[in-house]
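To keep things clear, I will list the structure first and then write my remarks on it.
The values are calculated or read from the model by the stated rules, or taken from the named source; none is laboratory data. Because the structure is a prediction, the values reported are computed rather than measured. Cβ placement follows ideal geometry from the backbone for every residue including glycine, while neighbour counts extend to all protein chains displayed. Each accessible area value is taken on the protein alone, full model and side chains, heavy atoms only, with ligands, DNA and RNA left out. Shrake-Rupley method; radii C 1.70, N 1.55, O 1.52, S 1.80 Å.
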Amino acid sequence: MPAPTLPGGRTIVFTDLDGSLLDHHSYSHAGAAPVLARIREEGIPLIIVTSKTRAEVVEIQREFGNADPFIVENGGAAYFPRSGPYRFLAAGEEAAGYRRIGFGRSYGEIRDFLAAFKSEEKKREIIKGFGDMELEDIMALTGLDAVRAGAAKRREFSEPFLIAGETDAAAACLRELAAEARRRGFEITRGGRFHHLLGAGQDKGRAVAATVKTLRGLAGGKITTVGVGDSDNDLTMLAAVDIPVLIPHPHRGFPAGTPAGAVRATRPGSEGWNEAVGKALDGLTNTGR
Ligand SMILES: [Mg+2]
(Lines give C-alpha, C1' and ligand atoms only; values in the text may rest on other atoms or scores of the structure.)
Protein backbone atom coordinates (compact mmCIF):
# COMPACT_ATOMS: atom_id res chain seq x y z
CA MET A 1 0.00 0.00 0.00
CA PRO A 2 1.52 3.37 -0.97
CA ALA A 3 1.97 5.92 1.83
CA PRO A 4 -0.81 8.49 1.81
CA THR A 5 0.22 11.87 0.43
CA LEU A 6 -0.84 15.32 1.46
CA PRO A 7 -4.25 16.25 0.00
CA GLY A 8 -4.17 18.93 -2.66
CA GLY A 9 -0.58 18.11 -3.62
CA ARG A 10 1.68 20.98 -3.02
CA THR A 11 0.03 24.13 -1.69
CA ILE A 12 -0.67 24.77 1.98
CA VAL A 13 -2.44 27.85 3.35
CA PHE A 14 -1.54 28.95 6.89
CA THR A 15 -3.94 31.51 8.31
CA ASP A 16 -4.44 33.71 11.34
CA LEU A 17 -8.06 33.88 12.56
CA ASP A 18 -9.03 37.13 14.34
CA GLY A 19 -8.88 40.11 11.97
CA SER A 20 -7.81 37.86 9.08
CA LEU A 21 -10.12 34.91 8.26
CA LEU A 22 -12.56 36.15 10.94
CA ASP A 23 -13.84 39.74 11.05
CA HIS A 24 -12.30 41.75 13.91
CA HIS A 25 -15.59 42.62 15.66
CA SER A 26 -18.17 39.98 14.64
CA TYR A 27 -15.80 36.97 14.23
CA SER A 28 -17.73 36.14 11.05
CA HIS A 29 -16.02 34.32 8.17
CA ALA A 30 -18.92 34.94 5.77
CA GLY A 31 -16.85 37.20 3.49
CA ALA A 32 -14.36 34.39 2.85
CA ALA A 33 -16.96 31.81 1.74
CA PRO A 34 -16.03 31.70 -2.00
CA VAL A 35 -12.31 31.08 -1.47
CA LEU A 36 -12.93 28.73 1.48
CA ALA A 37 -15.12 26.65 -0.88
CA ARG A 38 -12.37 26.70 -3.51
CA ILE A 39 -9.76 25.56 -0.97
CA ARG A 40 -12.04 22.70 0.10
CA GLU A 41 -12.72 21.66 -3.54
CA GLU A 42 -9.02 21.71 -4.41
CA GLY A 43 -8.16 19.77 -1.24
CA ILE A 44 -5.66 22.41 -0.08
CA PRO A 45 -4.79 22.02 3.61
CA LEU A 46 -5.91 25.10 5.57
CA ILE A 47 -3.85 25.31 8.72
CA ILE A 48 -5.09 27.69 11.41
CA VAL A 49 -2.26 29.61 13.15
CA THR A 50 -3.69 31.65 15.98
CA SER A 51 -3.26 33.06 19.46
CA LYS A 52 -6.42 31.12 20.40
CA THR A 53 -6.38 27.93 22.48
CA ARG A 54 -6.81 24.33 21.31
CA ALA A 55 -10.33 24.30 22.81
CA GLU A 56 -11.29 27.34 20.73
CA VAL A 57 -9.70 26.08 17.51
CA VAL A 58 -11.38 22.65 17.74
CA GLU A 59 -14.75 24.41 17.96
CA ILE A 60 -13.97 26.68 15.00
CA GLN A 61 -12.72 23.72 12.94
CA ARG A 62 -16.04 21.99 13.57
CA GLU A 63 -17.85 25.04 12.16
CA PHE A 64 -15.65 25.09 9.05
CA GLY A 65 -15.65 21.31 8.57
CA ASN A 66 -11.84 21.53 8.76
CA ALA A 67 -9.76 18.56 9.99
CA ASP A 68 -6.25 19.78 9.17
CA PRO A 69 -3.37 20.30 11.62
CA PHE A 70 -3.43 23.60 13.56
CA ILE A 71 -1.09 25.82 15.57
CA VAL A 72 -2.30 27.37 18.84
CA GLU A 73 -1.36 30.16 21.25
CA ASN A 74 1.09 32.09 19.06
CA GLY A 75 3.20 29.10 18.14
CA GLY A 76 2.94 27.31 21.51
CA ALA A 77 2.28 23.96 19.83
CA ALA A 78 1.29 22.35 16.53
CA TYR A 79 -1.45 19.69 16.71
CA PHE A 80 -1.73 17.00 14.01
CA PRO A 81 -4.88 14.85 13.73
CA ARG A 82 -4.41 11.07 13.95
CA SER A 83 -6.29 10.53 10.68
CA GLY A 84 -5.95 10.71 6.88
CA PRO A 85 -2.50 11.59 5.56
CA TYR A 86 -1.32 12.64 9.01
CA ARG A 87 -1.95 9.32 10.74
CA PHE A 88 1.59 7.96 10.37
CA LEU A 89 3.33 11.01 11.80
CA ALA A 90 5.75 9.97 14.51
CA ALA A 91 6.98 13.44 15.51
CA GLY A 92 5.96 14.94 18.84
CA GLU A 93 3.91 13.33 21.60
CA GLU A 94 0.38 12.04 22.15
CA ALA A 95 -1.87 14.78 23.56
CA ALA A 96 -5.67 15.03 23.64
CA GLY A 97 -6.07 12.59 20.73
CA TYR A 98 -3.52 14.43 18.54
CA ARG A 99 0.21 14.28 17.83
CA ARG A 100 1.52 17.45 19.45
CA ILE A 101 4.82 19.20 18.80
CA GLY A 102 5.37 21.79 21.54
CA PHE A 103 7.49 24.93 21.28
CA GLY A 104 6.51 27.02 24.28
CA ARG A 105 6.67 27.30 28.07
CA SER A 106 3.75 25.89 30.06
CA TYR A 107 0.88 28.09 31.19
CA GLY A 108 1.75 27.32 34.81
CA GLU A 109 5.30 28.69 34.36
CA ILE A 110 3.96 31.79 32.62
CA ARG A 111 1.39 32.46 35.38
CA ASP A 112 4.04 31.95 38.09
CA PHE A 113 6.31 34.51 36.40
CA LEU A 114 3.45 37.00 36.06
CA ALA A 115 2.38 36.53 39.69
CA ALA A 116 5.94 37.26 40.87
CA PHE A 117 6.13 40.36 38.67
CA LYS A 118 2.80 41.63 40.01
CA SER A 119 3.75 41.39 43.68
CA GLU A 120 3.21 45.18 43.93
CA GLU A 121 -0.38 46.43 44.18
CA LYS A 122 0.25 49.12 41.51
CA LYS A 123 1.27 46.50 38.94
CA ARG A 124 -1.69 44.28 39.79
CA GLU A 125 -3.98 47.20 38.92
CA ILE A 126 -2.29 47.86 35.57
CA ILE A 127 -1.74 44.34 34.17
CA LYS A 128 -4.75 42.07 33.83
CA GLY A 129 -4.21 38.60 32.37
CA PHE A 130 -6.92 36.11 31.35
CA GLY A 131 -6.05 34.16 34.51
CA ASP A 132 -6.93 37.26 36.61
CA MET A 133 -10.26 37.79 34.86
CA GLU A 134 -13.73 36.39 35.44
CA LEU A 135 -15.50 34.76 32.52
CA GLU A 136 -17.77 37.83 32.28
CA ASP A 137 -14.73 40.14 31.89
CA ILE A 138 -13.45 38.10 28.95
CA MET A 139 -16.92 38.01 27.39
CA ALA A 140 -17.17 41.83 27.67
CA LEU A 141 -13.66 42.42 26.28
CA THR A 142 -13.89 40.01 23.38
CA GLY A 143 -17.60 39.84 22.54
CA LEU A 144 -17.38 36.03 22.83
CA ASP A 145 -20.29 34.04 24.32
CA ALA A 146 -19.83 32.09 27.57
CA VAL A 147 -18.83 28.82 25.84
CA ARG A 148 -16.23 30.52 23.63
CA ALA A 149 -14.89 32.68 26.46
CA GLY A 150 -14.56 29.54 28.61
CA ALA A 151 -12.58 27.87 25.81
CA ALA A 152 -10.37 30.98 25.58
CA LYS A 153 -9.57 30.61 29.29
CA ARG A 154 -8.34 26.99 28.88
CA ARG A 155 -4.78 28.01 28.10
CA GLU A 156 -1.68 25.82 27.65
CA PHE A 157 1.19 28.02 26.39
CA SER A 158 0.49 31.77 26.65
CA GLU A 159 -1.27 34.46 28.66
CA PRO A 160 -3.15 37.27 26.90
CA PHE A 161 -3.25 40.46 28.95
CA LEU A 162 -4.36 44.07 28.89
CA ILE A 163 -2.66 47.20 30.20
CA ALA A 164 -5.15 49.41 32.05
CA GLY A 165 -5.11 53.01 30.87
CA GLU A 166 -3.09 54.97 28.32
CA THR A 167 -1.00 56.57 31.09
CA ASP A 168 2.79 56.98 31.32
CA ALA A 169 2.73 54.68 34.37
CA ALA A 170 0.99 51.96 32.31
CA ALA A 171 3.51 52.32 29.47
CA ALA A 172 6.40 52.17 31.95
CA CYS A 173 4.92 49.06 33.57
CA LEU A 174 4.67 47.33 30.17
CA ARG A 175 8.34 48.20 29.43
CA GLU A 176 9.38 46.84 32.82
CA LEU A 177 7.42 43.64 32.22
CA ALA A 178 9.07 43.20 28.80
CA ALA A 179 12.56 43.68 30.27
CA GLU A 180 11.92 41.31 33.19
CA ALA A 181 10.36 38.76 30.80
CA ARG A 182 13.52 38.79 28.65
CA ARG A 183 15.67 38.16 31.73
CA ARG A 184 13.51 35.17 32.71
CA GLY A 185 13.18 33.48 29.30
CA PHE A 186 9.80 34.91 28.33
CA GLU A 187 8.68 37.57 25.88
CA ILE A 188 5.72 39.70 24.87
CA THR A 189 4.02 39.90 21.49
CA ARG A 190 1.05 41.93 20.33
CA GLY A 191 -2.07 40.55 18.68
CA GLY A 192 -5.08 42.38 17.27
CA ARG A 193 -6.72 42.79 20.70
CA PHE A 194 -4.31 41.76 23.50
CA HIS A 195 -0.67 41.61 24.44
CA HIS A 196 0.53 38.03 24.97
CA LEU A 197 3.12 36.77 27.43
CA LEU A 198 4.83 33.57 26.25
CA GLY A 199 8.10 31.63 26.21
CA ALA A 200 11.14 33.30 24.57
CA GLY A 201 11.50 32.23 20.94
CA GLN A 202 7.89 31.05 20.79
CA ASP A 203 6.28 32.57 17.73
CA LYS A 204 4.06 31.68 14.80
CA GLY A 205 6.98 31.58 12.34
CA ARG A 206 8.95 28.98 14.26
CA ALA A 207 5.88 26.73 14.57
CA VAL A 208 4.99 27.19 10.89
CA ALA A 209 8.55 26.35 9.76
CA ALA A 210 8.56 23.18 11.89
CA THR A 211 5.12 22.21 10.57
CA VAL A 212 6.21 22.68 6.95
CA LYS A 213 9.27 20.50 7.60
CA THR A 214 7.03 17.82 9.13
CA LEU A 215 4.52 17.92 6.27
CA ARG A 216 7.15 17.99 3.51
CA GLY A 217 7.67 14.27 4.09
CA LEU A 218 4.00 13.66 3.29
CA ALA A 219 3.81 15.79 0.15
CA GLY A 220 6.13 13.86 -2.16
CA GLY A 221 7.79 17.01 -3.55
CA LYS A 222 7.98 20.73 -3.16
CA ILE A 223 5.43 22.46 -0.94
CA THR A 224 4.45 26.05 -1.67
CA THR A 225 3.21 27.88 1.41
CA VAL A 226 0.84 30.83 1.69
CA GLY A 227 0.57 32.65 5.04
CA VAL A 228 -2.14 35.16 6.00
CA GLY A 229 -2.10 37.63 8.90
CA ASP A 230 -2.99 41.13 10.09
CA SER A 231 -0.90 41.94 13.19
CA ASP A 232 2.60 42.15 14.65
CA ASN A 233 2.37 38.59 15.98
CA ASP A 234 1.87 37.35 12.39
CA LEU A 235 5.10 38.83 10.98
CA THR A 236 7.29 35.81 11.81
CA MET A 237 4.75 33.55 10.08
CA LEU A 238 4.70 35.82 7.02
CA ALA A 239 8.51 35.65 6.91
CA ALA A 240 8.42 31.84 7.09
CA VAL A 241 6.16 31.27 4.05
CA ASP A 242 6.68 31.57 0.29
CA ILE A 243 3.75 33.92 -0.29
CA PRO A 244 2.88 36.32 2.56
CA VAL A 245 -0.63 37.79 2.50
CA LEU A 246 -1.55 40.86 4.57
CA ILE A 247 -4.99 41.88 5.77
CA PRO A 248 -5.35 45.47 7.10
CA HIS A 249 -6.46 45.87 10.74
CA PRO A 250 -9.72 47.90 10.75
CA HIS A 251 -8.17 50.65 12.94
CA ARG A 252 -4.39 50.30 12.66
CA GLY A 253 -3.98 49.36 8.98
CA PHE A 254 -0.98 47.17 8.13
CA PRO A 255 1.61 46.40 10.84
CA ALA A 256 5.03 48.06 10.46
CA GLY A 257 7.85 45.91 9.09
CA THR A 258 5.75 43.84 6.71
CA PRO A 259 7.62 41.85 4.08
CA ALA A 260 8.16 43.35 0.61
CA GLY A 261 6.27 41.54 -2.11
CA ALA A 262 3.36 40.56 0.15
CA VAL A 263 -0.09 40.29 -1.38
CA ARG A 264 -2.11 43.05 0.33
CA ALA A 265 -5.87 43.01 0.79
CA THR A 266 -7.73 46.30 0.31
CA ARG A 267 -10.39 45.47 2.94
CA PRO A 268 -10.13 44.17 6.52
CA GLY A 269 -11.34 40.80 7.79
CA SER A 270 -12.91 37.96 5.87
CA GLU A 271 -13.67 40.00 2.72
CA GLY A 272 -10.06 41.07 2.47
CA TRP A 273 -8.99 37.46 3.16
CA ASN A 274 -11.20 36.26 0.29
CA GLU A 275 -9.78 38.87 -2.08
CA ALA A 276 -6.08 38.44 -1.23
CA VAL A 277 -5.94 34.65 -0.74
CA GLY A 278 -7.88 34.24 -4.02
CA LYS A 279 -5.26 36.42 -5.71
CA ALA A 280 -2.37 34.44 -4.18
CA LEU A 281 -3.87 31.11 -5.32
CA ASP A 282 -4.53 32.53 -8.83
CA GLY A 283 -0.88 33.55 -9.01
CA LEU A 284 0.22 30.01 -8.13
CA THR A 285 -2.04 28.49 -10.79
CA ASN A 286 -0.84 30.92 -13.44
CA THR A 287 2.85 30.49 -12.74
CA GLY A 288 2.48 26.71 -12.37
CA ARG A 289 4.29 26.68 -9.00
MG1 LIG B 1 -5.11 38.65 13.96
(message) Output the 0 to 90 degree angle, nearest 10, between the alpha-carbon long axis of helix 54-64 and the longest principal axis computed from the alpha carbons of the chain.
(response) 40
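Report, in deg cm²/dmol and to the nearest 500, the calculated mean residue ellipticity at 222 nm for the chain, where each DSSP H run with n ≥ 4 adds -39500 (n - 2.57) and the sum is divided by the residue count. Each step should come with its number before you reach the end.
On the way: 10 runs with 110 residues, N = 289.
That calculation yields -11500 deg cm²/dmol at 222 nm.
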(request) Step through the residues of region 175-190 one at a time and calculate ³J(HN,Hα) from phi using the Karplus curve (6.51 cos²θ - 1.76 cosθ + 1.60, θ = phi - 60°), rounding each to whole Hz and writing x for Gly and Pro. (result) 5, 5, 4, 4, 5, 5, 4, 4, 5, 9, x, 10, 8, 10, 10, 10
(message) Rounding to the nearest 10 and keeping the result within 0 to 90°, find how far the Cα-based axis of helix 204-219 lies from the longest principal axis of the chain.
(response) 20
(message) Give me the percent of accessible area attributable to carbon and sulfur for the chain, probe 1.4 angstrom.
(response) 52
(message) Within the chain, how many Lys pairs that are eight or more residues apart, or on different chains, come under 30 Å at the alpha-carbon?
(response) 24
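On full extension of the chain, what length is gained from residue 109 through residue 242, given 0.36 nm per residue of separation minus the C-alpha to C-alpha distance?
Numbers: separation 133, 0.36 × 133 = 47.88 nm, distance 3.42 nm.
Result for the pair: 44.5 nm of gain on full extension.
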(message) For region 107-199, report the % of Cα-Cα distances exceeding 23 Å.
(response) 20
(request) Just grab the label-to-label distance for residue 182 and residue 279, each label 7 Å out from Cα along the Cβ direction, in nm (one decimal). (result) 3.6
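Considering only protein heavy atoms, what per residue accessible area in square angstrom results for the chain with a 1.4 angstrom probe?
Values: 12540 Å² over 289 residues.
For the chain, the per-residue accessible area is 43 Å².
What ranking of 139, 237 comes out by heavy-atom accessible area, probe 1.4 Å, highest first? Display every interim value, and only then the final one.
Details: 139 60, 237 0 Å².
So the residues, ranked largest to smallest area, are 139, 237.
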(request) For residue 120 paired with residue 170, estimate the spin-label separation in nm (one decimal), with each label point 7 Å from Cα along the Cα-to-Cβ line. (result) 1.8
